[in-house]
Amino acid sequence: MFVRSFRSAALAALATVALPAGSLPAQRALPTPASILGFEPGADRHLPSWKQIVDYFTAIDRASPRVSVRTLGKTTLGRPFIVAFISDSSTLADLDRYRQIQRKLMDPRLQAAGERQKLIDEGKNVILVTSAIHSNESGGFTTPLVLTDRLARAQDREARDILANTIIMLVPSQNPDGVDIVGDYYRSTLGTPAEGRDPPDLYHKYVGHDDNRDWYAFTQPETRYTVDSLYTPWDPQIVNDIHQQGSNAGRIFIPPYMDPIEPNIDPILTAATNGLGMSIVWRMTNLGFTGIGSNASYDQWSPARQYSLYHRGARLLTETASARLATPIDIPFDQLGAGRGYEAKTVSWNFPSVWPGGKWTYGDIVRYQTAASWALFLDAAMNRRAWLEGYATQGDRALGALPAWGRDAWPSAIVIPKAQPDTQALRRMIWTLQHGQVEIRESTAPTTVDGKTYPAGSYVVLTKQPFGAYAKALLERQAYPDLFDYPGGPPKRPYDVTAHTLPLLFGVDVAHVTGAAPATGPAIKEMAEPTYTTALSGKTTKRIALFRPSASEPIDAGWTHWVLDTYKVSFTTITEKDLAGGAPNDRFDAIIFPDGTLGGGGGRGGRGGRGGGGGAADVFAALDAFANNGGSILAFNSSSNALIDGLKLPVKNVLAGVGNNDFYAPGSILAVEIKRDSPVARGFTATVPAIWFENGPAFEISDPSMATAVASYPATGNPLLSGWLLGGSKLNGKAALVDVKHGRGHVVLYGFRPQYRGQSMATYPLIWSAIQ
Ligand SMILES: [Zn+2]
């Protein structure tokens, strides 16, 4: 839609005449954001629609030789997904040359002898801006307009330095659908008590807030556009990731991050992120901005939200305090509270100035986000050479002696046998790794690991390759450190989950080679993503219902929706209204209750859909009758607890009332033993049975004649396979998955999320078989 020649843009710039000496070319009249939107960006109670944002970028693309806009594809709901390249017109005219320089700096194997310094002399500092992935963080889809306007228009020294030294790839929203899901609801509720609230539906069709947990699994098209069209060709030096946080502590978070640091991240990027963050804090403080917190809340653990930290780029997350979407709020100073790591009423090294309190507006959010981004651009421009030198050094380390950093030994390779229990899972794993720029090879001779021999032709991932550390992070088991708030105190809550081991999640066997790497051929071609199928795909006689509460759609319901759609399993979404009328056996054979859809709790993942509701007495009466009449009920994670109580099932959650000091598993992969002759375990194939455990229940059966443990934690030993687990002995011998007879039907209780973020492919068969 915006395809145009960069060269014609450059010619247009050259055609302008009558330049004062030393100035940039005068430009044709540039449209302002306000001239397109009809209001100033950041005006109270005015959110732009996605069409208005696209209209602005279309107009500025035509008018400014410094801006070139491209459409990368259609979003999940069919909107254009766009990126704006911003730089000097001469750079944009020669963009492919700069991409080649970037490529060579990234991969030393592509450099000619003695070429390095020339590449560093000529290269640009490439910055990717990903804004508004979270659609209720609404400053994120206005700030890009302000930044683009300033860069397109400015003739001052700062702007010239930025344009001359950087290439900015600006994604004005990483989730365009959500701009309208949130914006339409906001506009429809202006002047009502719901003004400023989140909409009841997820702001992304499937994944809501978890769209920022998709950066290694690549399940959603929006993730794929940014990875395929921006990360893979460019591997930018810096990513500016624009977010918002709660309202009542700091005005903005800027890195350094808090601990822990995932050990596969190159230390150069940790140091670069720290240095850049402090540079931004300094520049913003010069300009009078206050309430800036660092080393707080957000950690540097998971590739799920920080792809760039495994691909040569510092990730500068900013989190600005929210208003109520575009509606102002008032926060008196004495109501300001603590962030995790600082106290907003007290200065400290990581919170150098307090914000005095008072009115906080949409315009303030845009002002803070714009200032932070501008300071980032300035640092990138001023320190271009240091950024490119560090970037090139990372390439050397990735291909140098192992371990590439630190003292812990690295495997030389990971062997992935071609004979696997689940070929779809194998193909998905190869596709997933290759999609993250991992080179996959084939061995040219048999390889023996731990007494087991893998034939020539097995897949091999060498850890000595440009993104070997990324591959290692995804293929190994995580050892999350035992961190506590204070000695003897409660565990320090991670920002998100603690494990991301693909072989365990997918149910694929791998072997880590510790000695010399196996002999291999060249990297193989990219494998196509498999077509996902199950016995329920396409035509099935089973009538399936997926439950979500009408008040708020939990993220886990969205993920369940995604898994069912991906496997082409047809279903009907229902709410409590569909159940309150009585037993729906005439409509459905099975009803699925994702995490957080029944009772309280669950739905972890933050804004964009917490669960709850849907647990009234008439609902349980209907479910009781439904199962008694032969229906199947599936309950994931926290919803299991509500069904145990609501249907008086002969099962107990042994973790009920157990505090974090005694048991803690905030998102980890645990070992289970599977009762393979249970009908619910039919189709389960993983050699190492593993489940995704996150604040879940664990079961004890009180009447074995009525209930069967389909999956159980080992009777002895630590069940942790990857991530973090405290008090694991509480799980010994307890059930993770229980099939409870209920009249002529049954209730299947999952003490875990069997479809976790579209990743725990190994446990999908436990869903399909419970329905079949
Ligand atoms: Zn966010």
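Just a few scattered comments:
- Residue check for Met382: open to solvent by 20 Å² or more (accessible area, probe 1.4 Å) and touching a residue at least 60 places away in the same chain (Cβ under 8 Å): yes
- Among the residues of the range 173-199, those that are within 16 Å of the ligand (Cβ to nearest atom) and open to solvent by 40 Å² or more (accessible area, probe 1.4 Å) comprise Ile181, Asp198.
- Residue within the range 287-294 that is open to solvent by 10 Å² or more (accessible area, probe 1.4 Å), touching a strand residue (DSSP E or B) at 6+ places or on another chain (Cβ under 8 Å) and not charged (D, E, K, R) present: yes
- Every pair of residues 6+ apart whose Cβ atoms lie under 7 Å, when the first sits in the range 250-269 and is closer than 29 Å to Phe333 by Cα while the second is open to solvent by 10 Å² or more (accessible area, probe 1.4 Å) and of a type in the set (Ser, Thr, Tyr): Gly250/Tyr342; Arg251/Thr290; Phe253/Ser297; Phe253/Tyr298; Tyr257/Tyr298; Met258/Ser297; Met258/Tyr298
- Qualifying residue in the range 714-721 (condition: free of Cβ contacts under 8 Å to residues at least 24 places away in the same chain, under 26 Å from His500 (Cβ atoms) and among the polar types (S, T, N, Q)): yes
- Whichever residue in the range 618-649 is over 18 Å from Arg587 (Cα atoms) and of a type in the set (A, V, I, L, M, F, W, C) and, among such residues, is surrounded by the fewest Cβ atoms within 10 Å (Cβ to Cβ): Leu647
- Here Gly114 meets the list (1) part of a loop (DSSP other than H, G, I, E, B); (2) under 30 Å from Arg213 (Cβ atoms); (3) not β-branched (Val, Ile, Thr) almost entirely, failing just condition (2).
- Number of positions in the range 518-573 that are open to solvent by 10 Å² or more (accessible area, probe 1.4 Å) and farther than 23 Å from Gln759 by Cα: 16
- Test: residue in the range 49-70 that is assigned to a loop (DSSP other than H, G, I, E, B) and within 30 Å of Gly558 (Cα to Cα): yes
- Residues of the range 269-327 classified as more than 30 Å from Leu502 (Cα to Cα) and more than 19 Å from the chain's Cα centre (by Cα), total: 27
- Test: Pro263 is away from the ligand (no atom under 16 Å from the Cβ), at pLDDT 95 or above and open to solvent by 10 Å² or more (accessible area, probe 1.4 Å): yes
- Selected residue (criterion: nearest to Gly293 (Cα to Cα)) from residues of the range 309-323 that are touching a residue at least 60 places away in the same chain (Cβ under 8 Å) and away from the ligand (no atom under 16 Å from the Cβ): Ala314
- Close pairs (8 angstrom Cβ cut-off, 6 or more residues apart or separate chains): more than 17 Å from Leu505 (Cβ to Cβ) in the range 216-227, open to solvent by 10 Å² or more (accessible area, probe 1.4 Å) and aliphatic (A, V, I, L, M) anywhere: Tyr225/Leu72; Thr226/Leu72
- Residue check for Ala425: assigned to a loop (DSSP other than H, G, I, E, B) and either at negative phi or touching a helix residue (DSSP H, G or I) at 6+ places or on another chain (Cβ under 9 Å) (or both): no
- Boolean, Gly139 is touching a residue at least 12 places away in the same chain (Cβ under 8 Å), of a type outside the set (A, V, I, L, M, F, W, C) and either within 16 Å of the ligand (Cβ to nearest atom) or in contact with a Ser or Thr (Cβ under 8 Å, 6 or more places away or on another chain) (or both): yes
- Meets criteria (crowded, with 21+ Cβ neighbours inside 10 Å and of a type in the set (Lys, Arg)) for Lys472: yes
- Scanning the range 119-136 for residues that are over 14 Å from Ala375 (Cα atoms) and within 15 Å of the ligand (Cβ to nearest atom) yields Thr130, Ser131, Ala132, Ile133, His134, Ser135, Asn136.
- You will find that of Lys74, Lys104, the residue that is closer than 23 Å to Gly390 by Cα and either more than 16 Å from the ligand (Cβ to nearest atom) or open to solvent by 30 Å² or more (accessible area, probe 1.4 Å) (or both) is Lys104 and no other.
- Selection within the range 180-202 - aliphatic (A, V, I, L, M) and in a helix (DSSP H, G or I): Ile181, Val182
- Candidates Asp88, Asp94 - the one that is open to solvent by 10 Å² or more (accessible area, probe 1.4 Å) and touching a Leu at 6+ places or on another chain (Cβ under 7 Å): Asp88
- The single condition among (1) assigned to a loop (DSSP other than H, G, I, E, B); (2) closer than 21 Å to Ala381 by Cβ; (3) open to solvent by 10 Å² or more (accessible area, probe 1.4 Å) that Lys205 does not satisfy is (2).
- Any chance Val207 is of a type in the set (A, V, I, L, M, F, W, C) and more than 20 Å from Asp364 (Cα to Cα): yes
- Within the range 325-373, tally of residues that are buried (at least 16 other Cβ atoms within 10 Å of the Cβ) and on the phi > 0 side of the Ramachandran plot: 3
- Count of the range 235-247 residues which are farther than 24 Å from Ala499 by Cβ and either open to solvent by 10 Å² or more (accessible area, probe 1.4 Å) or within 15 Å of the ligand (Cβ to nearest atom) (or both): 6
- Looking across Phe663, Phe693, one residue alone is open to solvent by less than 10 Å² (accessible area, probe 1.4 Å) and either of a type outside the set (Phe, Trp, Tyr) or at pLDDT 95 or above (or both). It is Phe693.
- Condition met for Ile254 (open to solvent by less than 10 Å² (accessible area, probe 1.4 Å) and more than 14 Å from the ligand (Cβ to nearest atom)): yes
- Filter result (away from the ligand (no atom under 16 Å from the Cβ) and within 28 Å of Ser302 (Cα to Cα)) within the range 200-217: Asp201, Lys205, Tyr206, Tyr216, Ala217
- Matching residues, the range 179-209, being in contact (Cβ under 8 Å) with a residue 60 or more places away in the chain and touching an Asp or Glu at 6+ places or on another chain (Cβ under 9 Å): Val182, Tyr186, Pro200, Asp201, Leu202, Tyr203, His204, Lys205, Tyr206, Val207, Gly208
The values are calculated or read from the model by the stated rules, or taken from the named source; none is laboratory data. A quick note: this is a predicted structure, and the numbers were derived from the prediction, not measured. Here Cβ is always computed from backbone atoms with ideal geometry, including for glycine, and neighbour counts include all displayed protein chains. Only protein heavy atoms, including side chains, enter the accessible area calculation; ligands, DNA and RNA are left aside. Shrake-Rupley method; radii C 1.70, N 1.55, O 1.52, S 1.80 Å.
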